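Take a look at the structure set out below.
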Amino acid sequence: MTPSVFFQLIFNGIAIGLVYVFMASGFNLILSVTGIFFITFGMFYALGAYSTWWLTVQAGLPYFGSVAISTVATAAGGVFLYLVVMRKIRTGEQAMLRVLIASIMLVTLLTQVVLHLFGTSPRGITPIFKGHWKIAGVVIGLDRVAVILISVAILLILHFFLSRTRIGRGMRTVAFNPDVAALLGVNSEKVFITTIAVGLGLVGFAGGLMAPILGIDITMGSAGFMVLLVIILGGVGSMIGSIMSGILLGIVLAFSQFYVSAGVGQIIFFAVVGIFFFFRPGGLFGSPPPDPIDGVGSLTGSRIKSLPGRKTVIVPLAILVLAIILPQVVHNSYYMHLMILVVIFAVTGMTFTFGMRSGMINVAAAAFWGIGAYATGLLMVKGGLTFWQALPLAVIISFVLALILGGVICRFAGMSGMMFGIVFSSIVPVAFGTFELFGKQSGLTGIPGIENLGFLHFGSKASYYYLVLAFAIIGMIIMLAFTKAWTGRSWLGLGSSQKLAESVGIDPFGYRVINFAIMSVIPALLGTAYACYLGAIQPVTFGPFIGINFQIVAFVGGLGYLVAGPIVGALFMTFLPELLRVAGSYEPIITACIIILVIMFMPSGIIGSQDARLMAAWRWVSKPLRRAGTPVPVPVDREGAK
Amino acid sequence: MTLILETKALTKRFGGLVAVNSLDLQVEQGEILGLIGPNGAGKSTVFGLISGFLPVTSGTVVFDGHDITNHHPYKIARAGIARAFQQSLTFRGMTVLDNVLVGFHKSHDASLTASVFRTKGARSEEKELVAKAIEILEFLGIAHLANDRPENLPHGHQKALGVAIALASEPKVLLLDEPATGMNPSESDMMISHIHQVRKRGVTVVVVEHDMRVVRSVCDRLVCMNFGEKLCEGDPDYVTSHPEVCEAYLGKGAADVA
Ligand SMILES: Nc1ncnc2c1ncn2[C@@H]1O[C@H](COP(=O)(O)OP(=O)(O)OP(=O)(O)O)[C@@H](O)[C@H]1O
Ligand SMILES: [Mg+2]
């Protein structure tokens, strides 16, 4: 590497890094002040870019005027979403999780809106500043110099705003300690709205500013995932941390893009942050934030069955019988396909509920589903194994990966752990799409079907359905067995209050790693069969936006219900888009809106919100059937009554 | 008399603030030691340091002859120090009975495999633990609430449940942080008798409490702290009448102490 190449890459890296600096600063500000995990910010970057493009190219306005208007518009759009959606769900039952799901659904929603408004083709804006200097072989583009100078100016203004103005200081007080802020008479609603406006305005501004250099397309929204790494590295709430690690990411990307590919750069950065994070949970500059996830497993208001409690076998049995006879009744192959998806969604949704009980918001299920599928595919296509030989190997590979990743995530289960999991779920498809081994973007093709095993014959859709169902049942039984064992109670304790659980001798790390490994290996198990079922797999099948569906499945059904919740949620999530087919290309928008409404207005899910009615119905139906339960004996009170 | 718990020159700084300053504390086997002092004296911080929840700045904590300074909280809990928190933490969302069963965490003998496959041994152990849990709940007078949720209980019962969870972990030393705060006189009378009975079970108790009536009626010995330092220690009459102690409490109402 010549020095000129080196400096050229550093220079380019800083320019790219500024995108991440802006996004990270905006998101970090919102997260630390309002506590809202507004991961939708990635889309505001795209919105800023698109609207700048539209205003300059279509409406013919001057570039800087367009950027200014776009900045104001994105800020206003953000405030609108805050007022309509986030304000309602940012406190109360399962706030953290609801905000996460809603903000990811908003990404889906805004993506569709952008596609409808601006079309699918990439756009560009001609740069304002043309020409370049050449210093010692390094090409210094004037456009980039301008971007760097403007960014420095904006960041200085932001710093001034936060430290010198009244409202800015109010924001910092709220971030530091909301209770104290309330005592000091800081109007937190006003502070929140300002924060959202400033944070998302910043992101929208970056979109407009970078559009002439980096071009515009719809994948810009996913840059949000890499930004989470920047925040983990820099520390939640640390502006200087965001700046330093954003630029570092830019430089890593510039180098890897030049020598290998951007995908490799993302993977390297992910690994570096993972290793770093393992040793320094607070990031470079921040201190470990107070954990908003602690207590996520305590489902106040919903009904978790007491562990040694009574059993009703009738409902699960009925569902099982129904699931078994269904293929005999339904012969439509498309519906069979949907049923396979329902089964996968149900059990994967269940892994989410399962993990949440130990206080983890697991977002890596789709990635492990993909790991199981790719491992099987590779072993069969490149290794020449049969499915039944590949199966145990694929499961072991997934299990080992789950232990490694779990080791990192569970060390500091909580906000940063969750963010790291989200990044993992977006990095795994990137890895599939980057390396030749995995067939890059076109994926693995020609995966053979499953060989017959004794009297089991594979070929029809129904046979795959039965296999997936069998795997799902195995997964469910494993999860239920561990839930009923003493591990289950310790997990529940950890999920309810980590501090108290530790004080009675529960090792949070060890217990969570076991939990994580189990809940990750089950999607992988389903992935093995899925690979053979499809015959060809692509990275997009296992992307982070698929992964969010698993969480929605668990949530929509009702998090208080380990088995029934995900089943109801899976049926809902699979058939809702089918019912909305009539809406044509507007279907994804309507689906996303409905899901957001469910999250807003049914905090305990479909079953949870109908719990009383369902229970009454169930009592009525089961009266003649019910076996004598064995409720916990309540002794006659001696000392308590006075 | 043998020392069961000891801190040597224990110090904790939060940034510039010295919350605990070179504290030497000795706890003897089988006693009930009271740790008193005005708000912000550093009492809860001492508990946090002993139980491993706060990293120690300097000094050591010795328990049962072993140095446990900066050990992980769950290891300290397994070694035999349990804690009931000032904020009366409980496991929300689980029944009162399950709350106590979580507390039994370290007394499981059945292996994980046995428990997962629900072998006969595991099931009978489970039954035993339920019986033991009910016994503890009875002992604290909240057994009739076994199937309720802690978040629905009145404050006094939540405090009692916090003690029950701590007791379930079968500690040698129990650290109680303001067990009677916010209780009416009859509730705190109950707490007094519970603390006495806990000691009868062979558990050494360290109690932080502002209610002087409770302190006087349970403690064998008192240590008074102010600004992170030990002001004085000795038997309750001596400490509560000590002029420096009265002075430390002044501002807050010397009448409480006198
Ligand atoms: N995590 C923390 N960070 C910073 N300062 C802290 C922290 N925890 C406690 N302090 C400070 O340390 C000092 C001692 O606090 P501590 O809670 O130990 O007092 P205490 O004696 O238990 O008071 P109280 O009777 O009100 O419970 C206080 O000034 C408190 O503000
Ligand atoms: Mg205290």
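For A:Lys88, go through the aspartates and glutamates and keep the ones whose alpha-carbon is under 19 Å away, minus same-chain ones fewer than eight residues off.
Straight-distance partners of A:Lys88: A:Glu189.
Provide the per residue accessible area, probe 1.4 Å, for the stretch B:92-168, rounded to a whole number of square angstrom.
For the stretch B:92-168, the per-residue accessible area is 37 Å².
Is there a simple number for the mean count of other chain Cβ atoms within 10 Å of the Cβ of residues in B:114-126, and what is it?
Average per residue, whole number: 3.
Once every Cα of the stretch A:484-557 carries one equal point scatterer and solvent is ignored, give the base-10 log of I(q)/I(0) from the Debye formula at q = 0.12 Å⁻¹, two decimals.
For the stretch A:484-557, the Cα-only Debye profile gives -0.51.
How far apart, in nanometres, would the label points at A:Trp54 and B:Asp148 be if each is projected 7 angstrom from Cα along the Cα-to-Cβ direction?
5.8 nm
With each pseudo-label sitting 7 Å past Cα toward Cβ, what's the A:Ile240-A:Gln328 distance in nm, one decimal?
Those two pseudo-labels are separated by 7.2 nm.
Once Rh for chain A is found with the Kirkwood sum over Cα pairs, what is the Stokes-Einstein diffusion coefficient at 10 °C and 1.306 mPa s, in µm²/s?
Estimated via Stokes-Einstein, D reaches 61 µm²/s.
In µm²/s, what is D for the stretch B:92-168 at 20 °C and 1.002 mPa s, where D = kT/(6 pi eta Rh) by Stokes-Einstein and Rh is the Kirkwood radius from Cα pairs?
Estimated via Stokes-Einstein, D reaches 168 µm²/s.
Between the helical axis of A:387-411 and the dominant principal axis of chain A, each derived from Cα atoms, what acute angle in degrees is found, rounded to the nearest 10?
Around 60 degrees separate the two axes.
So what's the angle, to the nearest 10 degrees on a 0 to 90 scale, between helix A:611-622 and the longest Cα principal axis of chain A?
It works out to around 20 degrees.
Averaged over B:96-108, how many beta carbons belonging to a partner chain fall within 10 Å of each residue's beta carbon?
Per residue, the number of nearby Cβ atoms from other chains is 6 on average.
For the peptides A:368-379, A:429-440, what is the packing order when you average, over each peptide's residues, the other Cβ atoms within 10 Å and list the highest mean first?
Ranked by mean Cβ neighbours within 10 Å, highest first: A:368-379, A:429-440.
Go ahead and run the numbers for FRET between A:Leu579 and B:Glu247, Cβ-Cβ distance against an R0 of 60 Å, rounding to 0.05.
The calculated FRET efficiency here is 0.20.
Roughly how many whole Å is it from the C-alpha centroid of the stretch B:195-255 to that of the stretch A:154-170?
Result: 48 Å between the Cα centres.
Placing +1 on the Cβ of each Lys and Arg and -1 on the Cβ of each Asp and Glu in the stretch A:3-220, which of A:His159, A:His132, A:Gly208 has its Cα farthest towards the positive end of the resulting dipole?
Looking along the dipole axis, the top candidate is A:His159.
Using the heavy atoms of the protein chains alone and a 1.4 angstrom probe, what is the accessible area of chain A per residue in square angstrom?
Ligands and nucleic acids excluded, the result is 40 Å² per residue.
Kirkwood hydrodynamic radius, computed over distinct alpha-carbon pairs, for the stretch A:3-220: how many Å, to one decimal?
Over the stretch A:3-220, the inverse of the mean reciprocal pair distance is 18.3 Å.
Calculate for chain A the 222 nm mean residue ellipticity that helices alone would give, adding -39,500 (n - 2.57) per DSSP H run of length 4 or more and normalising by residue count, nearest 500 deg cm²/dmol.
Value at 222 nm, helices only, nearest 500: -23000 deg cm²/dmol.
A:Leu444's amide H: which non-local residues (gap 5+, or another chain) put their own amide H closer than 5 Å, with H modeled 1.01 Å from N in plane and none for Pro or chain starts?
Placed amide hydrogens put A:Ile537 under 5 Å from A:Leu444.
Based on the Cβ-Cβ distance from A:Ile157 to A:Thr445, what FRET efficiency comes out when R0 is 56 Å, to the nearest 0.05?
Computed FRET efficiency for A:Ile157 and A:Thr445 comes out at 0.60.
Once you place label points 7 Å from the Cα toward the Cβ at A:Asp217 and B:Ala9, how far apart are they in nm?
Result for the modelled spin labels: 6.5 nm.
By its C-alpha gyration tensor, with a ≥ b ≥ c as the square roots of the eigenvalues, how is the stretch A:393-457 shaped: rounded for a/c under 1.5, else prolate for a/b larger than b/c, else oblate?
It is oblate, given that a/c is not under 1.5 and a/b is not larger than b/c.
For chain B, find the longest principal axis of its Cα atoms and tell me its angle to the long axis of helix B:185-200, 0 to 90°, nearest 10.
So the helix axis and the longest Cα principal axis differ by about 70 degrees.
Students often get this wrong, so check it: of B:Lys75/B:Lys159; B:Lys106/B:Lys172; A:Lys484/B:Lys132, which have C-alpha atoms separated by over 21 Å?
From B:Lys75/B:Lys159; B:Lys106/B:Lys172; A:Lys484/B:Lys132, over 21 Å: B:Lys75/B:Lys159.
From the mean inverse distance of alpha carbon pairs (Kirkwood) and the Cα radius of gyration, derive Rg over Rh for chain B.
Rounded to two decimals, Rg over Rh is 0.99.
Taking the Cα centre of the stretch A:3-220 as origin and charging only Cβ (+1 Lys, Arg; -1 Asp, Glu), how large is the dipole, in debye to the nearest 20?
In debye, rounded to 20, the stretch A:3-220 gives about 300.
How big is the stretch B:1-97 in terms of Cα radius of gyration and Dmax, in angstroms?
14.2, 43
Give me the compactness ratio for the stretch A:91-225, meaning the Cα radius of gyration over 2.2 N^0.38 Å.
1.38
Could you work out, residue by residue across B:136-143, how many beta carbons of other chains sit within 10 Å of that residue's beta carbon, and then give the average as an integer?
Counting other chains' Cβ atoms within 10 Å and averaging over B:136-143 gives 4.
Once Rh is set to the Kirkwood radius over Cα pairs, what Stokes-Einstein translational diffusion coefficient, in µm²/s, holds for the stretch A:330-542 at a temperature of 4 °C and a viscosity of 1.567 mPa s?
73 µm²/s
State the Cα centre-to-centre distance between the stretch B:56-93 and the stretch A:181-204 in whole Å.
Cα centres, the stretch B:56-93 to the stretch A:181-204: 39 Å.
Taking springs between alpha-carbon atoms closer than 10 angstrom, which of B:Lys159, B:Lys132, B:Lys230 fluctuates most in the Gaussian network model of chain B?
Most flexible of the set in this elastic network: B:Lys132.
The values are calculated or read from the model by the stated rules, or taken from the named source; none is laboratory data. Remember, predicted model here, so these are calculated numbers, not experimental data. A quick note on method: Cβ atoms are made from the backbone with ideal geometry, for glycine too, and the neighbour counts reach across all protein chains shown. These area figures cover heavy atoms from the full protein model, side chains too; ligands, DNA and RNA do not enter into them. Shrake-Rupley method; radii C 1.70, N 1.55, O 1.52, S 1.80 Å.
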